[in-house]
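For reference, the structure discussed in these notes is given below.
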Amino acid sequence: MSKKRLLSVAAVGLMSMWALAAPDGVRAQEAPKVQIPQPGVPQIMTMEGRYVRAAYNNEGYAILGYKLANLSVGEEWMLLEVGVALRDGVPDYDLTRDALSLETPDGKTIPLPSVEEYRKANLRALLAREKVQRDSINYFPPNAHRACRVGFFTEVDERALAWDKVELSDQRGCLGRLFFPVPGGITYGQHWLNVKFAKSLVRVPFRVLTKEEDKLLEKNFGDIKKQVDAAFKKKS
């Protein structure tokens, strides 16, 4: 990943596929023009896949895959595949459970639950679905070349232990799953994954898409990605 100059807060955001319907009068062959959601913090964001979004600043990097979440409207638990890393030269940092939260379309912020809450929910069926309803999120800055695990959740009968922190360094790219309880069920619309680093906040936007929005994204992904990349391109 090339280093890019951070844009002003007013210019930041990530195309996360909301309000994608083409306006009246636009010819069918034209790609829809997308808006960029405003996270309220200085950061740069990218689309790495149809259901893969990344955001980063000068301190930290976060990426998520949400294909399963997009197929789980109405369900009361959301599974996100996530990756986190530090930027080159940033001091080591312990990412704790309370540094992660989910913001839903109604403006509510949901903290990461305890491992006890997770186990009580019995999410084995959700995990089984994730084996086939997922995308690769293995996109990290070049400095993050050593693999590590985001292990906040495990089942009682698993050999791996659940951890309350992830030890990040500027050489480690850490992958794992996050689970959030969603009272009333997952809804369509704009969501944010909040990741607190030592000195800054990174917010990864993703939109749970309606069937119409999803079809539009599938048809126009390449053109939409170009629009997002252009929004964050360093000005000469």
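For ARG27, only one of the following conditions fails: (1) open to solvent by 30 Å² or more (accessible area, probe 1.4 Å); (2) among the charged types (D, E, K, R); (3) at pLDDT 95 or above. What is its number? Condition not satisfied by ARG27: (3). Screening ASN194 with (1) surrounded by 15 or more Cβ atoms within 10 Å (Cβ to Cβ); (2) free of Cβ contacts under 8 Å to residues at least 12 places away in the same chain gives one miss only, at (2).
Among the numbered conditions (1) touching a residue at least 12 places away in the same chain (Cβ under 8 Å); (2) out of contact with any strand residue (DSSP E or B) (no Cβ under 6 Å at 6 or more places or on another chain), the only one that PHE206 does not meet is (2).
Considering (1) more than 16 Å from the chain's Cα centre (by Cα); (2) among the hydrophobic types (A, V, I, L, M, F, W, C); (3) at pLDDT 95 or above; (4) open to solvent by 20 Å² or more (accessible area, probe 1.4 Å), the lone condition that LEU201 does not fulfil carries the number (1). Kindly indicate whether LEU64 is under 20 Å from GLY173 (Cβ atoms), in contact with an Asp or Glu (Cβ under 8 Å, 6 or more places away or on another chain) and either assigned to a loop (DSSP other than H, G, I, E, B) or open to solvent by less than 10 Å² (accessible area, probe 1.4 Å) (or both). In short, yes. Against the definition (closer than 26 Å to TYR93 by Cβ and among the acidic types (Asp, Glu)), how does ASP170 come out, yes or no? It is true that ASP170 is closer than 26 Å to TYR93 by Cβ and among the acidic types (Asp, Glu).
Identify, please: which residue in the stretch 104-147 is acidic (Asp, Glu) and farther than 22 Å from ARG53 by Cβ and is, among those, surrounded by the most Cβ atoms within 10 Å (Cβ to Cβ)?
Going through the stretch 104-147, the residues acidic (Asp, Glu) turn out to be 106, 116-117, 130, 135.
When the remaining residues are screened for being farther than 22 Å from ARG53 by Cβ, the result is 116-117.
Working: GLU116: 9, GLU117: 12.
Per the criteria, the residue is GLU117.
Go through the residues of the stretch 85-103 one by one and say whether even a single one is within 14 Å of ARG172 (Cα to Cα), part of a strand (DSSP E or B) and open to solvent by 40 Å² or more (accessible area, probe 1.4 Å). It would help to see each step written out before you state the result.
Looking only at the stretch 85-103, we keep the residues that are within 14 Å of ARG172 (Cα to Cα), and these are 85-95.
In the following step, the residues that additionally are part of a strand (DSSP E or B) were identified as 85-86, 93-95.
When the remaining residues are screened for being open to solvent by 40 Å² or more (accessible area, probe 1.4 Å), the result is 93-94.
Yes, because at least one residue in the stretch 85-103 is within 14 Å of ARG172 (Cα to Cα), part of a strand (DSSP E or B) and open to solvent by 40 Å² or more (accessible area, probe 1.4 Å).
The values are calculated or read from the model by the stated rules, or taken from the named source; none is laboratory data. Values in this document were obtained by computation on a predicted structure and should not be read as measured data. Neighbour counts run over all protein chains shown; Cβ positions are idealised from the backbone, glycine included. SASA here: full protein model, heavy atoms, side chains in, ligands and nucleic acids out. Shrake-Rupley method; radii C 1.70, N 1.55, O 1.52, S 1.80 Å.
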